[in-house]
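Just dropping this structure here.
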Amino acid sequence: MNAIEKLTGTMKRNRLQIKTFKTSLDMHTFLCKGDNACHWRESNKELKRGTYAFAGGQWQNVKNIDPSALAHF
């Protein structure tokens, strides 16, 4: 899979963003623009495109977490 990840947030409120691309050429073109290579890296996680929060010992999509609970992660 052609995916990249970016980890943001503090130690307590980590967020993981995943971007996927159809081809590796598209992914490397994105990484070569600006300073994207400084913030993004290739991902080996089997996650779909989206934003994730570390909850319950694993990465969970923020769309699947209750908003009131998400404020505490």
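Values quoted throughout were computed directly from the atomic coordinates according to the rules given, and no laboratory measurement underlies them. On a predicted model such as this, the values are computed, not experimentally measured, just so you know. With ideal geometry, Cβ positions are generated from the backbone for all residues, glycine too; neighbour counts draw on all protein chains shown.
Would you calculate a helix-derived [θ] at 222 nm for the chain, using -39,500 (n - 2.57) for each DSSP H run of n ≥ 4 and dividing by the full residue count, to the nearest 500? Write down the numbers at each step before the final one.
Values: 3 runs with 17 residues, N = 73.
One gets -5000 deg cm²/dmol as the mean residue ellipticity at 222 nm.
What nm distance separates the two modelled labels at PHE30 and ASP66, each placed 7 Å from Cα along Cα→Cβ?
Reported label-point gap for PHE30 and ASP66 is 3.3 nm.
Restrict the search to the chain; then list the trypsin sites (Lys or Arg not before Pro) that DSSP places in a loop and that have at most 12 other Cβ atoms within 10 Å of their Cβ. Don't jump to the answer; show the numbers that get you there.
Values: sites: LYS6, LYS12, ARG13, ARG15, LYS19, LYS22, LYS33, ARG41, LYS45, LYS48, ARG49, LYS63; in loops: LYS12, ARG13, LYS22, LYS33, LYS45, LYS48, ARG49.
Counting only loop positions with at most 12 other Cβ atoms within 10 Å, the trypsin sites (Lys or Arg not before Pro) in the chain are LYS12, LYS22, LYS33, LYS45, LYS48, ARG49.
While we're looking at this one, here's another question. Grab the beta carbon distance between GLN58 and CYS38, set R0 = 22 Å, and tell me the FRET efficiency rounded to 0.05. Before the final figure, lay out each step's value.
Numbers: r = 27 Å, r/R0 = 1.23.
E between GLN58 and CYS38, to the nearest 0.05, is 0.20.
Give me the distance in nm between label points sitting 7 Å out from Cα along the Cα-to-Cβ direction at ARG15 and LEU47, one decimal.
According to this spin-label approximation, the distance is 1.2 nm.
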